[in-house]
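This report refers to the structure that appears directly beneath it.
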Amino acid sequence: MASGILGQSALSATTNTTVYTVPSSTLGIVNVSIVNTSSSTSAAVRLALAATGTPTTAEWIEFDTIIPPRGVIERTAIALNASRRVVVFASTANVSVSVYGIESAA
């Protein structure tokens, strides 16, 4: 089972991006860090714990949350069942995401 950094991505603007998918027969305990790397522009971000790469309305846990220039949002100790995905969307391309944690046999 993996531990440490489980997924990272520099996001494209206005695109849902699957940053991490829990492997089959596995439980993932993850932390998600979303960073606005711009020095001058705020970013609106969305974070979902989804069954597919296109989240439903019920799967978003952050929605159009504003991250100021050089700001960060962190969500910690998220338990995910096998095959669940961490999906992130940003209004600009100056956003990076890291998913880190531990996987365990379910």
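Laid out as a table, the results:
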| quantity | calculated |
| --- | --- |
| Contacts under 6 angstrom Cβ, first residue in the stretch 32-57 being closer than 19 Å to Val99 by Cα and basic (Lys, Arg), partner at pLDDT 95 or above and surrounded by fewer than 15 Cβ atoms within 10 Å (Cβ to Cβ), 6 or more apart | Arg46/Phe63 |
| Filtered residues of the stretch 65-94 (kept if under 13 Å from Ile34 (Cβ atoms) and of a type in the set (D, E, K, R)) | Arg70, Glu74, Arg75 |
| Single condition Ser3 does not satisfy, out of (1) under 16 Å from Ile102 (Cβ atoms); (2) modelled with pLDDT of 95 or more; (3) touching a Gly at 6+ places or on another chain (Cβ under 8 Å) | (2) |
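The values are calculated or read from the model by the stated rules, or taken from the named source; none is laboratory data. Because the structure is a prediction, the values reported are computed rather than measured. No Cβ is skipped: glycine too gets one built from the backbone with ideal geometry, and neighbour counts run over all protein chains shown.
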